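The values are calculated or read from the model by the stated rules, or taken from the named source; none is laboratory data. Keep in mind that this is a model prediction, so the values were computed, not measured. We place every Cβ from the backbone using ideal geometry, glycine too, and count neighbours over all the protein chains shown. Heads up: the accessible areas ignore ligands, DNA and RNA and are worked out on the full protein's heavy atoms, side chains in. Shrake-Rupley method; radii C 1.70, N 1.55, O 1.52, S 1.80 Å.
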Amino acid sequence: MDYKKMIEMAIRARDNAYAPYSHFKVGACIATSDGKLYTGCNIECATFSPTNCAERTALFKAVSEGERDFSGIAVVGATEGERLELCSPCGVCRQMLSEFVDVHSFRVIMASSVDEYEVKTLEELLPYTFGRKDIMRE
Ligand code: THU
């Protein structure tokens with residue numbers, strides 16, 4: 001996985017964030033296991049709860065294009081006009097990512113620049129994951 005390329009693309013995607021309420025702009029870039037990259041930004045709503053995070057935007061774009069295997073996601077975020085800070089996916093995004101990935105190998109890259117980032121497995125961010133395995137007999 002090319003972390004730097006993913007972070008660069010997340011930074012670029014963040015420019016499209018629609019965040020007129022929180023002014024907190026987030027960008028994400030998810031990598032498929034065969035190396036394709038899909039980006040996303042957060043998209044807010046006047047009634048707040050329909051707001052979609054950058055991570056889910058990227059995931060949904062990829063899934064809607066037929067992708068099912070993912071290796072990692074880069075995330076960048078900050079209040080508009082301020083320096084990027086380490087931004088970790090919210091609980092809803094962690095759960096949604098876990099629907100499609102192997103939590104033990106999937107990497108979450110939380111970046112404050114192309115050179116400064118922390119990498120965690122999704123399992124570290126979402127331990128004791130409740131998922132497909134718990135409700136499917138396969
Ligand atoms: N947000 C994301 O897009 N991803 C995160 O990881 C954290 C939060 C968005 C949701 C909302 O538009 C804004 O940031 C403030 O919570």
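Take the Cα of residue 123, step 7 Å along the line toward its Cβ, and report every residue of region 65-109 whose backbone nitrogen sits under 14 Å from that point. Under cut-off, by backbone N: 101-108. Under 22 Å of direct C-alpha separation, and excluding same-chain neighbours fewer than eight residues apart, residue 4 reaches these lysines: 25, 36, 61, 120. Computed from phi, the 3J(HN,Hα) profile of region 51-58 under the Karplus parametrisation 6.51, -1.76, 1.60 (θ = phi - 60°) reads 3, 10, 6, 4, 4, 6, 4, 4 Hz, with x in place of Gly and Pro.
Determine the calculated [θ] at 222 nm for the chain from helices alone, applying -39500 (n - 2.57) to every DSSP H run no shorter than 4 residues and normalising by the residue count; nearest 500 deg cm²/dmol. Can you show the working numbers first?
Working: 5 runs with 41 residues, N = 138.
So the calculated ellipticity at 222 nm is -8000 deg cm²/dmol.
In a DSSP loop and with at most 11 other Cβ atoms within 10 Å, the chymotrypsin sites (Phe, Trp or Tyr not before Pro) in region 25-89 are 48. Extent of region 3-135 along its three principal axes (Cα atoms, max minus min coordinate, largest first): 41, 36, 28 Å. List the GluC sites (Glu not before Pro) within region 37-84 that DSSP assigns to loop and that have no more than 12 neighbouring Cβ atoms inside 10 Å. Of the GluC sites (Glu not before Pro), the ones in loops of region 37-84 whose Cβ has at most 12 other Cβ atoms within 10 Å are 65, 80, 82. In the chain, excluding the sites themselves, the longest stretch lacking any of the trypsin sites (Lys or Arg not before Pro) that are in a DSSP loop with at most 15 other Cβ atoms within 10 Å is 84-136.
In the context of the full set of protein chains, residues of the chain present 55 Å² of accessible surface per residue (probe radius 1.4 Å, heavy atoms only).
Among rounded, prolate and oblate, which fits region 13-86 when a ≥ b ≥ c are the square roots of the eigenvalues of its C-alpha gyration tensor, a/c under 1.5 means rounded, and a/b larger than b/c means prolate? Here region 13-86 falls in the oblate category. For a paramagnetic label modelled on residue 1 (point 7 Å from Cα along Cα→Cβ), amide N atoms under 14 Å away belong, within region 63-78, to 69-76.
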